[in-house]
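Trainee: One structure, as structure tokens, below. Some questions next.
The values are calculated or read from the model by the stated rules, or taken from the named source; none is laboratory data. Just so we're clear, the structure is a prediction, and the values are computed from it rather than from any experiment. In this analysis, Cβ positions are derived from the backbone assuming ideal geometry, glycine residues included, and neighbour counts consider all displayed protein chains.
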Amino acid sequence: MASTREYDIILLGATGYTGKLTAEYITSSVTEPIKWAIAGRTQSKLNDLASKLKASGGPGGAPATIVITELTVPEVTKLAKTTKILLNTVGPYHKYCTPVVQACAETGTHYLDVTGETPWVKEIITKFEDTAKKNRAVIIPEIGIESAPSDLVAFSAVKLIREIWDCGVMDMVASVHELKSSGASGGTLATGLGLFDHYGTQQLKEISNPFCLSPLAQRDHRHTKFPAPTTYRKTLGERISGVWQYPLLGHLTTSITAGPNQAIVHRSSGRYPYYYGFNFNYAEYMAVDSPVVGMLISWLLTLLTIALAIPPIRAIVKGFMKYKPGEGPSVESTKDNRVEIRAVAVAEQLSKTPRKAFVNFVFEGGVYELTARLLVIGAITLLKDQDKVVKTHGFGFLTPSSLGQEYIDRLDKAGVKLKARQLGDFGSK
């Protein structure tokens with residue numbers, strides 16, 4: 001990537017709901033000297049946003065504005081050539097953003113987004129992985145609420161177990177312990193419904209496999225392609241009811257966000273099986289107060305998935321959406337929101353006293369505010385620590401955890417707290 005590019009960061013889709021929050025966070029909180037710009041389709045909206053950002057007087061300063069009329073490869077290529085890193089908050093990604101990724105891969109421009117659209121991520125990896133590596137581009141999809149927290153939680157657990165017991169992880173169970181939210185934005189809802197319109201049943205079935213993004217099977221055929229949990233088993237009743245209990249995490253049931261998160265975590269582990277462990281397995285659930293509540297949630301989510309596969313029902317649901325694309329909960333309504341993830345990882349090194357790691361991820365605020373911080377701090381980390389990231393992980397399609405402990409440390413200073421602690425006996429190192 002050329003070091004003489006005009007901008008350090010360009011934010012594409014800056015006038016959308018998540019885009020505005022991202023731009024506001026850059027202006028209010030980024031203290032590192034950067035040159036940045038906001039890009040979108042409407043000059044008047046960009047000018048209005050830039051004026052508000054300038055008036056706020058934050059340390060990140062006011063951005064330049066760039067109009068991009070169409071999200072085509074030629075148009076985005078012109079944009080990508082002017083920046084070191086392109087942040088993309090334009091959704092639905094499967095509908096608009098394949099040309100954006102292609103342009104970045106072909107121009108050697110680093111790219112980060114906040115999608116949770118696993119079938120689209122699988123698609124762009126297949127199409128542009130070799131191109132990105134060839135042109136020295138780092139591509140990191142899903143570095144928002146989906147799926148950076150889960151990926152960093154898993155990374156932190158594995159890192160601790162490696163440091164203490166010098167071994168990998170067999171099983172890891174995570175739970176969304178608390179998700180107090182003011183609701184989903186119009187863009188998020190439109191994206192979720194749009195996946196059923198865009199992808200066929202077979203494609204959606206394929207991405208239900210939590211290992212669908214893992215490169216392990218393609219690289220090393222000596223080991224199990226899809227390892228099953230080895231340290232716990234669900235009873236027939238638990239599988240039918242959709243609710244079960246796990247030590248330290250309580251009653252668990254189906255999580256609506258588990259799919260994208262599990263896929264990204266297993267891509268991380270599949271890239272480094274000697275570090276994570278060849279039998280590494282990550283499963284994510286939602287914590288509930290009682291088995292009855294868990295069973296109802298699990299069954300309702302199953303029925304909802306089946307119902308949304310029917311086009312007329314999707315059309316009805318779209319008509320009742322609270323927010324349109326580009327809209328979402330007000331900042332005031334999210335002030336008491338909270339996100340907490342808890343996880344337990346079991347070390348491969350078996351002993352009489354169980355050897356485990358307990359990880360806790362907490363953010364006091366709205367999920368879209370969290371997404372903005374994850375995206376911006378990820379970009380700053382890549383900008384400042386590019387040589388280390390590339391030396392360790394190379395180019396191509398990486399995951400949020402590839403930004404390493406430096407990313408976690410920067411997030412901590414921004415109010416995103418992630419702590420891992422040892423359970424069980426003393427370390428062997």
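Trainee: It is to be established whether one or more residues within the stretch 319-336 are within 24 Å of the chain's Cα centre (by Cα), of a type in the set (Gly, Ala, Ser) and closer than 19 Å to residue 232 by Cβ.
Mentor: So far as the stretch 319-336 goes, no, none of its residues is within 24 Å of the chain's Cα centre (by Cα), of a type in the set (Gly, Ala, Ser) and closer than 19 Å to residue 232 by Cβ.
Trainee: Within the group 342, 373, which residue is outside any loop (DSSP other than H, G, I, E, B), among the basic types (Lys, Arg), assigned by TED's automatic domain parsing to the domain that holds residue 132 and buried (at least 17 other Cβ atoms within 10 Å of the Cβ)?
Mentor: It is 373.
Trainee: Here is a list: 174, 157. Which entry is among the small types (Gly, Ala, Ser) and out of contact with any helix residue (DSSP H, G or I) (no Cβ under 9 Å at 6 or more places or on another chain)?
Mentor: Checking each option against the conditions leaves just 157.
Trainee: Of the numbered conditions (1) crowded, with 21+ Cβ neighbours inside 10 Å; (2) free of Cβ contacts under 8 Å to residues at least 60 places away in the same chain, residue 277 satisfies every one except a single condition; which is it?
Mentor: In the conditions (1) crowded, with 21+ Cβ neighbours inside 10 Å; (2) free of Cβ contacts under 8 Å to residues at least 60 places away in the same chain, residue 277 misses (2) alone.
Trainee: Hey, does the stretch 238-257 have a residue that's within 16 Å of the chain's Cα centre (by Cα), surrounded by fewer than 16 Cβ atoms within 10 Å (Cβ to Cβ), assigned to a loop (DSSP other than H, G, I, E, B) and aliphatic (A, V, I, L, M)?
Mentor: So far as the stretch 238-257 goes, yes, one or more of its residues are within 16 Å of the chain's Cα centre (by Cα), surrounded by fewer than 16 Cβ atoms within 10 Å (Cβ to Cβ), assigned to a loop (DSSP other than H, G, I, E, B) and aliphatic (A, V, I, L, M).
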